[in-house]
1. Just name the residue that is farthest from L82 (Cα to Cα) out of those in the stretch 18-32 that are surrounded by 15 or more Cβ atoms within 10 Å (Cβ to Cβ) and at pLDDT below 95.
2. Looking at the stretch 16-32, I want the residues that are of a type in the set (F, W, Y) and have a partner that is surrounded by fewer than 16 Cβ atoms within 10 Å (Cβ to Cβ) with Cβ atoms under 7 Å, at least 6 apart or on another chain. Which pairs are those?
3. So which residues in the stretch 193-237 are under 23 Å from Q31 (Cβ atoms), of a type in the set (D, E, K, R) and without any contact (Cβ under 8 Å) to a residue 60 or more places away in the chain?
4. Name the residues in the stretch 70-109 that are loosely packed, with under 14 Cβ neighbours inside 10 Å, more than 17 Å from F43 (Cα to Cα) and not small (G, A, S), would you?
5. Quick one: E240 ticks every box in (1) under 19 Å from the mean Cα position of the chain (by Cα); (2) closer than 28 Å to N13 by Cα except a single one, so which number is it?
6. If we keep just the residues of the stretch 99-123 that are assigned to a helix (DSSP H, G or I) and among the basic types (K, R), which is nearest to the chain's Cα centre (by Cα)?
7. Any idea which of Y197, Y165 is of a type in the set (S, T, Y) and surrounded by 21 or more Cβ atoms within 10 Å (Cβ to Cβ)?
8. In the stretch 110-129, is there at least one residue being of a type in the set (A, V, I, L, M, F, W, C), out of contact with any Pro (no Cβ under 8 Å at 6 or more places or on another chain) and at pLDDT below 95?
Amino acid sequence: MRKNIVAGNWKMNNDLPETEMLISDLIKQNQTSDAEVMIAPTFTNLWQAFESLRQEGIEVIAQNMHFAENGAYTGEVSASMLKSIGIKTVILGHSERRAYFNETDESLAKKVDAALENDMRVIFCFGEELADRKSGNEEAVVESQIKNALFHLGADAFKSIVLAYEPVWAIGTGETATPEQAQDMHAFIRKTLADKYGNDVADEVSILYGGSVKPNNAKEIFSKQDVDGGLIGGASLKAEDFFAIVNAF
């Protein structure tokens, strides 16, 4: 049975004191939930966050990693480095990484391989731009991103992969895909997986929605059959809002 997951992507926000304060607020808000709860602080605060939350049932995850194990890659962090401080899950392919740092399907495939080789779980992101949606090419774009980065993998690999559909036009814009639009795309994504790997694999993969999820719309979005949770941006920076979303399940 696939899992419900709510993951907070803090992006490039919160220095150490701010991280400690937000974690304290998260601990106060934390309670038994029907969803796995994750947060992704900046690299500099991963260890502090991990130490603070190791007994709280909130997983600390990374926002990115390099595909190489080590070497002359100034400023980069490897999977084994993340694992050495207790991090077992990494977000890969976020639209901001693709747009601002020129990450491609090919480089992301290498990152996915490196994460899996290190027994890490991957939250793999993808989604269309506004122009793709307006031209009716959203399904073709999403299908291409998934196939190019993931379809070289065997079926067993998907036990360690969570998918995150993020319509780029709905990230940080205040715009949100309607629950029906989210469900339609999530159903398409699951069918794309099923066509390649079969229904048993597709039915076990959690597919998250990422795109301006808020406390006031989370319940309706999460109620859809193929929406298994959310990758939350801005709303994850306020503990009360974040747990209102978690509790939408």
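1. Q29
2. That search, which allows pairs on different chains as well, returns nothing.
3. Result: K214, K219, E220.
4. Y100, N102, T104, E106
5. (1)
6. The initial filter retains those residues of the stretch 99-123 that are assigned to a helix (DSSP H, G or I), namely 99-101, 105-117.
Those still in the list that are among the basic types (K, R) too: 110-111.
Values: K110: 17, K111: 14 Å.
Going through the qualifying residues, I end up with K111.
7. Details: Y197 fails: surrounded by 21 or more Cβ atoms within 10 Å (Cβ to Cβ).
None of the others qualify; the one that does is Y165.
8. Step one: of the stretch 110-129, the residues of a type in the set (A, V, I, L, M, F, W, C) are 112, 114-116, 120, 122-126.
From what's left, out of contact with any Pro (no Cβ under 8 Å at 6 or more places or on another chain): 112, 114-116, 120, 122-126.
Now narrow it down to the ones that are at pLDDT below 95: none.
For the stretch 110-129, residues of a type in the set (A, V, I, L, M, F, W, C), out of contact with any Pro (no Cβ under 8 Å at 6 or more places or on another chain) and at pLDDT below 95: absent.
The values are calculated or read from the model by the stated rules, or taken from the named source; none is laboratory data. This one's a predicted model, so the numbers in the text were calculated from it and none came from an experiment. Because the Cβ atoms are built from the backbone with ideal geometry, glycine has one as well, and the counts that use them run over all protein chains shown.
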